[in-house]
Amino acid sequence: ISDLDDLAFSLGGKGYFGLSAQRIIQDIMQARFLRDSKPNKCRRKSHVIGIFAVLAVMVGIFSNPAIQQDEGVFAIEAVTAEFGDEVISFLGLFNGCYRARKEGPSLNRRLIYEQIGSEVDGGKFGYCDNLEDGSSEGWVFFQGVSLEDACEEYLLRSDNTNTFDLLDAAATQWYTKEGQLVDYLQVSQLPKDSVSRNFPECGLDIFNQTIDSCDLLDVPKRFDGLQDIGSLIFEKIEVSSAQAGDHFDATRSHPIYLGQSSSEIILFTGRRWVLTTAEQIGDELSSFRDDSTWNQSAVLDYFYKQDFRTIEQTQREEHPWVLAVSDIVDTTTDTGTPLALQWYNVRYDSNTNQSFPFADLTRPQEATLGCARCDDDLVRCEHGGKCVEGVCECQNRATGVLCQDAPLGDGRCDEFFNEAQFHYDGGDCCGSTCTGALCGRGGLSFAFGVDLGDNTFQSQYLDDGTIIGYENCKDPQMETFTIELVPIDVPLDDIPMTAGEDCGLEAVTVICDGVLYLRTPNLYMAESVDEVEKCHEDAPLIQPLHLPPGVKCELSRPLDDFEWFYEALIFRGNNTDSTSIRQGNNSATSLAWSVPSGCLQKVFTQYLDDANRQYDTTFPEGGAIQRMASDGTSALLCTLDEDLVMERYALTMFNVSLGLRSQTWQEHQCYGWGSGRGGIEINCNEDDQVISIENGDLYGTDMRGGTIPSEISLLSHLSYVDLSYNWDIVGTLPTEIGLLNSSLSKY
């Protein structure tokens, strides 16, 4: 008390308590008092009166701010609140602006903040000094309960605090009534002039932003598991500022989208967009749709004349009303529309009676929403489509409101999509990547240079009457081959021929590993016998063929009159300038060859001077590589160890040059050479590398005479060679054996 007296006396003398108090104190300070052995009662009384006068002034001064604090004079007038929905699913319904109540009762001498636009049924912030049976105090968030019950039936509470400032309380940790931590709660002060500007931050800014937004939404892909959803187009309806009332909030500032072909509805719930139906919400709302037409005015009245948040409160637990929810939308990501958002299936909490769901993040939906209006600016028609008065006219067999759905992977090759960015029409343009019954049909416009649409020729189709081909295959992973049919130089006078029967092009079929890559028809001349020579003069008769690496192929021709007048040649590449890799005479009905895997081609292209020798079996190298290309094991081994592949190639050359055989060649290159009178033994180390080649049981062997191949130098770990008993080996030792001096100990 003494300290307060001194402080008050000092402040009063400096005029802090007014001129009257200052004069009194100055008179006291200037007064002269004489010492007297007898107390002067008048002076003592005067001193006491002065002290009490100063204290009275102080009480008046300090009590005035306290009264004003209780009345909210110094409090923040309005805030925005943004709730997470990870703990309580429906909290997003209460995102928006809150304003301090100016009239009416308070809660424990603190202001109450009410949700703007939903003062009756919206959320509220208040202060409780008797939380947890009076053991703590703090701010609470509540909804749908009276002030008397707010401190008992709240939804959220702050950490223990007695602050008058809601912002200070919001900065503490918040909890549910059950004690769970709240992951996200953001409260911010609105600008002081927001009241005079009708709170534009509370929804008006977003509303103005959505006025010119897309009025039609497109659902390119249906929602998984929601087969009853019939609408793929949703039409926007938006509330006017007059319908919304005095203030927009987080929900009313966003448009509502109604399904065109059924009763689906997409609307914003403060934190997420939701997909629902009129029937799921209630009979009254479903009555606003009749004969495939919505009563839009009634729908708006339904949502904006009542508080939308009461819908969530009135749903029955056994009748959940939300079918799917979007990703989180906050103040930084809110565009006012649900365009391009990720959607999720819903998860209802069986432990509560709330009917608003959580987003099941483990089950995302593939469906997204796009704008169904084109404008040749921000929203363009895709895949060559043209925008005509806001509607896309699709080209190139594309479909969808914006022509966004490309016909990929349907078995028909579309040249527009035959590009790398579309994975070459989803694989439709090449035989090895196409799937479905339509593959290759209509894939040929020319057969060996003959226009299949030319009426000069009549086509006789094979089997089911379907021409198969992939002339537009552009996938760079494919290997190109060229088939040429060469007319045989036979005097026409020696060949009995009749018009329309004996002149034309024969049918050709190519099958690789069971897949049909080419089937051309028999083409007969439709004119007189005088035109017969035309069949043989038109050259070259070539047909490109695109095959994947690692396949075994066969070209076949039917036993037909035409086979006697043509021989077939196969070339690697897209021209016939090089030497053919296969050649059949006029009586050969089939030709076979293998396309090495990509790995094998890479290895052998580096080793061989001429890559075509991989296919040409007239050379030992080509024979060996073709054998490896068709055995299956070599391609697999190539991906594991290229050095072992080269050893396998060297042993294959022994096989080709000397006729050696292995009963287990398909499984492993190191075993089986000496069994069954194979004539030679191959031994390997633990890493499957060849270390010795020795005499085997030569009796009864079917080895033929030959030379030791130069590829023996590829056996880099070879240390022992003994072929002294093999009298069928001819020629000299290859000079390349000298490359093995470092490892070879005896030969």
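The values are calculated or read from the model by the stated rules, or taken from the named source; none is laboratory data. Here the structure is a predicted model, which means the values were calculated and not measured. Note that each Cβ is placed from the backbone with ideal geometry, even for glycine, and that neighbours are counted across all protein chains shown. Only protein heavy atoms, including side chains, enter the accessible area calculation; ligands, DNA and RNA are left aside. Shrake-Rupley method; radii C 1.70, N 1.55, O 1.52, S 1.80 Å.
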Flag if Cys392 is buried (at least 22 other Cβ atoms within 10 Å of the Cβ), outside any helix (DSSP H, G or I), out of contact with any Ser or Thr (no Cβ under 6 Å at 6 or more places or on another chain) and at pLDDT below 95: yes
Residue among Cys387, Cys381 that alone is free of Cβ contacts under 8 Å to residues at least 24 places away in the same chain, out of contact with any strand residue (DSSP E or B) (no Cβ under 7 Å at 6 or more places or on another chain) and not charged (D, E, K, R): Cys387
Residue in the range 141-148 that is more than 20 Å from Ile88 (Cα to Cα), surrounded by fewer than 16 Cβ atoms within 10 Å (Cβ to Cβ) and touching a residue at least 60 places away in the same chain (Cβ under 8 Å) present: no
Matching residues in the range 91-113 - criterion: being modelled with pLDDT of 90 or more and over 11 Å from Ala81 (Cα atoms): Ala100, Leu111, Ile112
Residue in the range 369-377 that is under 23 Å from the mean Cα position of the chain (by Cα) and open to solvent by 60 Å² or more (accessible area, probe 1.4 Å) present: no
Residues of the range 395-414 that turn out to be farther than 28 Å from Ile467 by Cβ and assigned to a loop (DSSP other than H, G, I, E, B), as a count: 5
Residues of the range 152-184 satisfying the condition of being in a loop (DSSP other than H, G, I, E, B) and open to solvent by less than 30 Å² (accessible area, probe 1.4 Å): Tyr154, Ser158, Thr161, Thr163, Trp174, Val182
Qualifying residues in the range 185-201 (those that are part of a helix (DSSP H, G or I) and not acidic (Asp, Glu)) - the one surrounded by the fewest Cβ atoms within 10 Å (Cβ to Cβ): Lys192
Options Phe422, Phe356, Phe416: the member that is open to solvent by less than 20 Å² (accessible area, probe 1.4 Å) and of a type in the set (Phe, Trp, Tyr): Phe356
Failed item, numbered, when Glu132 is tested on (1) exposed (fewer than 14 other Cβ atoms within 10 Å of the Cβ); (2) assigned to a loop (DSSP other than H, G, I, E, B): (2)
Residue ranges of helices (runs of 4 or more DSSP H) in the range 202-308 with at least 1 members at pLDDT below 85 and either under 29 Å from Asp405 (Cα atoms) or hydrophobic (A, V, I, L, M, F, W, C) (or both): 204-210, 241-244, 278-281, 296-304
Among residues of the range 122-140, those that are in contact (Cβ under 8 Å) with a residue 12 or more places away in the chain and of a type in the set (D, E, K, R), counted: 3
Enumeration of residues in the range 658-682 that are within 25 Å of Ala635 (Cβ to Cβ) and either at pLDDT 75 or above or among the charged types (D, E, K, R) (or both): Arg661, Glu667, Ile682
Test result for Thr589, touching a helix residue (DSSP H, G or I) at 6+ places or on another chain (Cβ under 9 Å) and modelled with pLDDT under 80: yes
Residue within the range 604-621 that is of a type in the set (Asp, Glu), open to solvent by less than 60 Å² (accessible area, probe 1.4 Å), touching a helix residue (DSSP H, G or I) at 6+ places or on another chain (Cβ under 9 Å) and in a helix (DSSP H, G or I) present: yes
